[in-house]
1. Could you order the peptides 198-204, 143-149, 232-238, 273-279 from most to least packed, using the average number of other C-beta atoms within 10 Å per residue?
2. How many angstrom lie between the Cα centre of the stretch 202-223 and the Cα centre of the stretch 69-101?
3. Describe numerically, in nm with one decimal, the distance between label points set 7 Å from Cα along Cα→Cβ at Thr238 and at Ser211.
4. Considering only Val260, Pro175, Ala192, whose Cα is most displaced toward the positive end of the charge dipole of the stretch 137-293, charges sitting on Cβ of Lys, Arg (+1) and Asp, Glu (-1)?
Amino acid sequence: MMFRPRRPIALPIALLVLALTLGACVTEYTGRRPPPPGLTRKNPPPSSPQTPVALPTGKVAQPAGLEDTLVSRVVVSVIDLGSIPYDGLVLPLVSPDGRFVAAQSGQAPTWPTIIASPDAEPAVGTLVTAYSIPDHAPTPQNPASISQIPWPAEPPPGLLLGRSCDDRGFLVESPQEGGARWIGRIDWVTGALTWLVRTGAVNAHAVLGPSGELAFTRRPFDTPTSELVFRPQAGNSTEFVFRDSRASLAFPVFTAERAVVYALVVSTDVIELVALRLPVNGVDRTITVTARRQLARSPQPLSAYQATAALQVPLPALPAAAPVSPETPGAAQPATPLDPTLPFFHPALRRMCVFNRRTGSITPLPPESIAAVPSGEPGLVGYFTTSAKGLTFSALNPSNRTNTETQSPYREVSVLSQPLIPRRISNAAWPFVLLGPDRTGVDSALRVYKMRPGNPDPAAEK
């Protein structure tokens, strides 16, 4: 990477740290500039005016509606599954089928270790565990509660929770004493660790693709600039490399598109988002740029990390009848597994945005949003988004066809009062898993919920 922080630094990160690292509080900022999406509890800024605001104490499943528009009210059913441990920095991973969740706990790693910079240290105090998510509705005789998976043996110490998972397992990374970094996958059920990349280089930022692909960044341990490596199959050594002679590649992201991967290009004076065409047809041998968009000049050291920290990777394929982000502002398009859009956190606009690689356009989502996932539900055209206001639904507003970097064609409809991070899963009965602050005030824990849009079943509430 081109940046080299010397110690854990007090910079904002774009994930639910906004609410979670302060337990039962969120932080409010004053001033004309939009507030940063979150601050770590361990590294507060040297001078930032802030006023703790208690989270609402009402039911977590209490929906709220706004005035009538195309979408004016979103009603959801929510099941509280219980708590899992949390280190205050790294979001848990939810399996695409919604059966498992993996969490990192213990002593939080340093920022250089998280972003794999040259002064990274081994993560000696981190713990990685996995939990089973029940697939039934709770009853007095059979309550639905999340439970730790009883692996025959614990994984080796010093593993970092990775950025991606599939239905087989989840990725981990292992910083080594000599400066190298390895990439592995842990089986959800057995806890068995399989090393996917184990060389003397710094192999980091790994993500899985929709068909078993693997993408990660790589650099010699004594060099700050990283290249992007693509393997058509995670367990295969065949690989393709993409380099930028002027900058470092960071934090690749897969969506449901098999032939495309997104990445951040970071130099000392600019950060860019690129869409890369992958050689998956057996004929092409090179990775090529299909779209490129500058995000910020003079980026802060954690800007690239911010942009993707709260994303679900890979993004799920949506039902063909479910429209998502428009090709042109205000015009809904049918979502398919080839949907050309990527939601991400814009480091300059301080909100989630949607990048369309076909048009090169960036469509902003509501201000101060820190996470977003496409709905995929019939009749709900837009994104479930997270901000200090809580969980909202960003609905396409046909009356607003303006697409600028200050005005969004989406409008917010309040859903839940808590700032919960949504994950779209393939379970038709409960298509979302939510991650949020533990309402008991435990800083080192997260609460896990299942959610489904639609009117609650009256019988289930009795």
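Only the coordinates and a few stated rules stand behind these numbers; no lab work does. Because the structure is predicted, anything quoted here is derived from the model rather than measured. Neighbour counts are summed over all protein chains in view; Cβ atoms, including those assigned to glycine, are modelled from backbone coordinates with ideal geometry.
1. Values: 198-204: 19.4, 143-149: 15.0, 232-238: 13.3, 273-279: 21.0.
The most tightly packed comes first, giving 273-279, 198-204, 143-149, 232-238.
2. Computed from Cα coordinates, the inter-centre distance equals 27 Å.
3. 1.2
4. Working it through, the farthest residue towards the positive pole turns out to be Val260.
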